[in-house]
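Rule-based calculations on the coordinates, nothing more; no lab input. Values in this document were obtained by computation on a predicted structure and should not be read as measured data. Cβ coordinates were reconstructed from backbone atoms using ideal geometry, including for glycine residues, and neighbour counts include every protein chain displayed.
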Ligand code: AMP
């Protein structure tokens with residue numbers, strides 16, 4: 001894997017694809033700076049080497065040029081985080097931009113306007129990518145969040161840098177941490193899959209069956225499995241068209257010697273609300289009119305026991321409706337168990353949308369080994385897909 005450590009950027013202009021798709025409030029202030037902070041080490045290494053930096057990113061989903069999606073709104077925040085004055089130019093290709101890049105001195109940073117103001121970006125247009133390629137000597141991809149998209153700036157542009165291309169630190173650590181789970185894992189390996197639906201996790205389950213020793217299943221997905229096995233699930237979330245699939249997964253897991261751990265009890269509620277009446281019930285004996293919204297206390301103990309034995313742990317998806325305090329306990333206890341296992345030497349990777357929100361909400365993000373920044377990109381890697389943004393650098 002070629003990273004920025006393999007290059008000396010002295011007197012070189014680095015064209016870096018970053019993911020500065022950050023949330024803005026109504027005053028156009030950045031409300032979460034994580035993605036900018038995440039790109040900082042890459043940018044600083046290049047500047048320290050004596051190079052200059054051209055940053056390109058998208059922001060939101062603009063339809064043509066829309067001022068509210070202009071990256072000019074984030075310039076002051078990027079400057080503050082990097083500790084230097086960042087220049088901005090209100091376009092991302094063309095003579096004016098090339099001139100600004102040529103005038104860039106060592107130690108300087110230029111941020112380009114939103115790439116998605118051009119439809120050619122998402123279309124992966126080669127001519128557009130070629131114009132982008134004129135803006136740097138070395139292409140650096142540090143935008144893991146868009147690595148699963150074959151867009152002009154994430155993938156196509158790389159072909160214009162046959163040898164002068166590499167991953168930034170963020171991309172490299174994302175790839176390494178997923179490899180630690182899927183390829184170079186210490187056994188026993190555990191995958192914890194929660195969230196709402198089997199259908200959105202099936203690709204992952206199928207790919208990891210060959211790589212893990214244990215799978216913990218929680219969240220809304222549970223009830224498709226429980227119903228498939230003949231349990232009573234009341235009004236719990238279920239995908240009736242996936243019952244056979246659930247049984248097939250259980251069968252395949254058995255054949256491959258993978259142990260599937262399902263909840264044994266659930267916190268059930270008489271409505272999907274934090275004000276609902278609740279009680280604990282066996283997971284396969286939920287009365288009509290009630291639904292399972294969190295794992296129960298016996299399940300928490302069982303899951304923690306499994307987690308404590310594992311040396312590699314992947315966590316994707318909450319095991320209950322953690323957004324409502326009444327149904328957050330299972331997810332919190334799971335987080336504690338993973339934090340303890342990590343302290344005892346296990347490698348733990350958390351990723352994919354809502355589980356990242358959950359670990360942050362309950363402050364587990366510092367207690368696990370790695371929290372992925374790329375929801376969709378990480379899910380696709382876990383499904384065993386080759387991401388175009390990664391392939392474009394490796395080829
Ligand atoms: P996902 O995006 O697939 O990881 O799903 C995350 C969502 O699953 C969260 O918003 C949770 O509230 C939801 N969820 C977790 N457990 C349940 C459950 N038992 N019933 C319904 N939704 C759930």
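For the chain, the longest principal axis of the alpha carbon atoms and the long axis of helix 34-49 meet at an angle near 40°. Simple spin-label estimate for residue 257 and residue 34 gives 3.8 nm between the two label positions (7 Å along the Cα-to-Cβ direction from each Cα). A Förster distance of 41 Å, applied to the separation of the beta-carbon atoms of residue 106 and residue 323, puts the FRET efficiency at 0.30. Using a 7 Å offset from Cα along Cα-Cβ at residue 119, what residues in region 38-75 end up with backbone N under 14 Å from the label point? Under 14 Å, as judged by backbone N against the label point of residue 119, lie 62-65 of region 38-75.
Values of log10 I(q)/I(0) for the chain across q = 0.06, 0.09, 0.11 Å⁻¹ run -0.28, -0.59, -0.83, by the Debye formula with one identical scatterer at each alpha carbon and no solvent. One Cα centroid belongs to region 301-357, the other to region 218-234; the line between them spans 20 Å.
For a paramagnetic label modelled on residue 91 (point 7 Å from Cα along Cα→Cβ), amide N atoms under 18 Å away belong, within region 131-145, to 131-136. Taking the number of Cβ atoms within 10 Å of each Cβ as an exposure proxy, the fewest-first ranking of 3, 155, 77 is 77, 3, 155. Under 19 Å from a label point set 7 Å out along the Cα-to-Cβ vector of residue 273, the amide N atoms of region 310-333 belong to 321-328. Out of 384, 194, 64, any idea which swings most in a Gaussian network model of the chain, alpha carbons joined below 10 Å? The residue with the greatest mean-square fluctuation here is 64.
First measure r as the distance between the Cβ atoms of residue 76 and residue 10, then evaluate 1/(1 + (r/R0)^6) with R0 = 25 Å and state the FRET efficiency to the nearest 0.05. Could the numbers behind the result be given before it?
Numbers: r = 29 Å, r/R0 = 1.15.
Between residue 76 and residue 10 the formula returns 0.30.
Neighbour counting of Cβ atoms within 10 Å sorts the residues 254, 134, fewest neighbours leading, into 254, 134. In the chain, helical runs assigned H by DSSP with n ≥ 4 each contribute -39500 (n - 2.57); averaged across all residues and rounded to the nearest 500, the mean residue ellipticity at 222 nm is -10000 deg cm²/dmol.
Hey, fewest Cβ within 10 Å first, where do 333, 98 land in order? Present the calculation step by step, with values, prior to reporting the outcome.
Numbers: 333 21, 98 13.
Going from sparsest to densest Cβ surroundings: 98, 333.
Springs join every pair of Cα atoms under 10 Å in this Gaussian network model of the chain, and among 261, 58, 214 the largest mean-square fluctuation is at 261.
On the beta carbon distance between residue 298 and residue 63, with R0 = 51 Å, the FRET formula returns roughly 0.50. The distance between label points at residue 99 and residue 2 comes to 3.3 nm (points 7 Å beyond Cα on the Cα→Cβ vector). Among 178, 215, 249, the residue with the largest mean-square fluctuation in a Gaussian network model of the chain, with springs joining Cα atoms closer than 10 Å, is 249.
For the pair residue 229 and residue 159, label points projected 7 Å from Cα toward Cβ lie 5.0 nm apart.
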